[in-house]
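The values are calculated or read from the model by the stated rules, or taken from the named source; none is laboratory data. The structure displayed is predicted, hence computed values, not measured ones. Glycine also receives a Cβ, built like all others from the backbone with ideal geometry; neighbour counts cover every protein chain displayed. Remember, those area values only see protein heavy atoms, side chains included, never the ligands or the DNA or RNA. Shrake-Rupley method; radii C 1.70, N 1.55, O 1.52, S 1.80 Å.
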Amino acid sequence: MSKTPPAPNANSIPVSRERSSACRVALAGFGTVGRAVAKILCERRNGNEDGLLRLTHICNRNVERKKQSWVPADVAWSDDFRTILQSDADIVIELIGGLTSAEELVRGALKAGKSVVTANKQLIARHGPDLLQLASANACQLEFGASVAGGVPVLPALRTGLCGDRLHGIAGILNGTCNYILSRIETDRIPFSEALEEAQARGYAEADASEDLDGGDARAKLAILALAGLHVRVSPGDIHARSIRPIEAVDFDYAAELGCTIRQISRADLKQTALFADVGPSLVPALSPFGRVQRNLNLVLTSGEYGGDTAFLGAGAGGDPTAVAVVSDLMFVAESLGAGPRPHGSQQLASPGVSSDLETPWYLRFLVKDQPGIIASLAAILSAHQLNIDAVLQKPGFDKSALPFVITLERCCAAQLRPALQEMSALPFALRACLCLPILR
Ligand SMILES: NC(=O)c1ccc[n+]([C@@H]2O[C@H](COP(=O)([O-])OP(=O)(O)OC[C@H]3O[C@@H](n4cnc5c(N)ncnc54)[C@H](OP(=O)(O)O)[C@@H]3O)[C@@H](O)[C@H]2O)c1
């Protein structure tokens, strides 16, 4: 496909229908998303929808077992990435996942002058800025719209619809597994372990769900959103992540007393030269947009200096929704290749210091062996650290040998609170470390 700009055309509405040749697309990875992408591309071709994209290669290890009768006979199947790197494909789709092989493939494709579309969040979170530079140096494009929030078009919106604003904050429910588990505990007050088992049985959580539960998945996505929306280079490992594992049904009872519920919230706020970033369970108002997100949906809110707040809601994962995001990226790249690449990264990337020292009200839930003087001991420690109690909540009916109760604190910094938490958790009546959640209002 030519990369020279098309001649100006006064009647240029359906540009794609006037193309002389389709953009040639090679797909690497024929799994859940790859298969769904191939299906859409083949159905578009059968339906003669636009002639913009033509699937030419499919590459997967041990490819024989992957072959499908619905794929046109002129598509070449291979288990060697060199086949697509040496082919005349214009765009390579990377859907194998993982890091090492995916990085090799993407670098190889960009160096060979091929644009790349990927859904690989770990790859982009770790190497996005470098890969964008490589794409730009080779006059290619790198698009990764499916890497955050699957089928929710938040990254394309950051690239086009919101790029005229100066964004200073992005917050989201970015992990469908956590949201499924938390909203199931909320709805039926079931134990955490039962909600996790249910999520695994329904295919919403992997057998080892640590990446989801402990925040690794969400912080990779937050790093990508910060790159695309706030134009900052931040490593996922520098983002503080808290696990949802300590959340219990009783926390939803106490949160409800405060007009709130609990969600895993990922936030990045740019303040002058510092980036505040944090991922973890947080109290949010029950009737707020975040509080209303149920099951495995994703929600992203952006805050801009000129345009204010904008919300994006939808399916954060799944073969078909993610494939829609991949094919949309393909169409964007195919359209723009004709007019010369439109790389990301025209804006300079900043590398701010990353902090998790959130200043907010806090929810502290204790589990104690009941005895006289507990509140007095806790209040003494809080007072010694200049921390103000807002409320004390204790629901009746619990066994006194394992009594959960809550103290909420007025606004203070996480760094100020941390030493007090350590002291309170070490008191002899404390059965386990105090659960501490920010209250985001
Ligand atoms: N699934 C989702 O809902 C979703 C949502 C958003 C983003 N994503 C991202 O999309 C990408 C693909 O996810 P997926 O769910 O489609 O994964 P998947 O079902 O595991 O598919 C991956 C495919 O790539 C093949 N493969 C893996 N490593 C390979 C290698 N080194 N060489 C050749 N082939 C290789 C696998 O072959 P085998 O069959 O032999 O394993 C499999 O067919 C990942 O980056 C993922 O994070 C997925």
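General observations
- Taking the criterion of being in a loop (DSSP other than H, G, I, E, B) and more than 20 Å from N60 (Cα to Cα), the residues of segment 113-140 that qualify are G113, N138, A139, C140.
- Count of segment 54-79 residues which are more than 24 Å from V333 (Cβ to Cβ), open to solvent by 20 Å² or more (accessible area, probe 1.4 Å) and within 16 Å of the ligand (Cβ to nearest atom): 8
- Verdict on L230 being touching a His at 6+ places or on another chain (Cβ under 9 Å) and open to solvent by less than 30 Å² (accessible area, probe 1.4 Å): yes
- You will find that of R202, R189, R219, the residue that is open to solvent by 50 Å² or more (accessible area, probe 1.4 Å) and under 21 Å from L358 (Cα atoms) is R219 and no other.
- Segment 104-136, subset among the charged types (D, E, K, R) and over 24 Å from S336 (Cα atoms), residue surrounded by the most Cβ atoms within 10 Å (Cβ to Cβ): R126
- Condition broken by Y306, with the remaining ones in (1) closer than 26 Å to A209 by Cα; (2) in a loop (DSSP other than H, G, I, E, B) satisfied: (1)
- Flag if L110 is assigned to a helix (DSSP H, G or I), within 15 Å of the ligand (Cβ to nearest atom) and at pLDDT 95 or above: no
- Strands (runs of 3 or more DSSP E) contained entirely in segment 382-441, each with at least 2 residues that are in contact with a Lys or Arg (Cβ under 7 Å, 6 or more places away or on another chain): 403-413
- If you check D212, D165 for being in contact (Cβ under 8 Å) with a residue 40 or more places away in the chain, out of contact with any Asp or Glu (no Cβ under 6 Å at 6 or more places or on another chain) and acidic (D, E), only one passes: D165.
- Residue within segment 27-35 that is at negative phi, of a type outside the set (A, V, I, L, M) and either part of a loop (DSSP other than H, G, I, E, B) or at pLDDT below 95 (or both) present: yes
- Enumeration of residues in segment 281-311 that are open to solvent by 30 Å² or more (accessible area, probe 1.4 Å) and within 16 Å of the ligand (Cβ to nearest atom): R295, N296, L297
- When segment 271-291 is filtered for residues that are at pLDDT 95 or above and more than 18 Å from the chain's Cα centre (by Cα), the ones remaining, listed by number, are L283, V284, P285, A286, L287, S288.
- Once segment 80-101 is narrowed to residues that are part of a strand (DSSP E or B) and more than 12 Å from the ligand (Cβ to nearest atom), the residue that is farthest from K121 (Cα to Cα) is I91.
- Residue within segment 137-144 that is within 14 Å of the ligand (Cβ to nearest atom) and surrounded by fewer than 21 Cβ atoms within 10 Å (Cβ to Cβ) present: no
- In this structure, G51 does not satisfy being open to solvent by 20 Å² or more (accessible area, probe 1.4 Å), more than 23 Å from T160 (Cβ to Cβ) and within 16 Å of the ligand (Cβ to nearest atom).
- Close contacts from segment 254-276, counting a first residue that is without any contact (Cβ under 8 Å) to a residue 40 or more places away in the chain and open to solvent by 10 Å² or more (accessible area, probe 1.4 Å) and a second that is part of a strand (DSSP E or B) and of a type outside the set (D, E), with Cβ to Cβ under 8 Å and a gap of 6+ residues or different chains, come to G259/P285.
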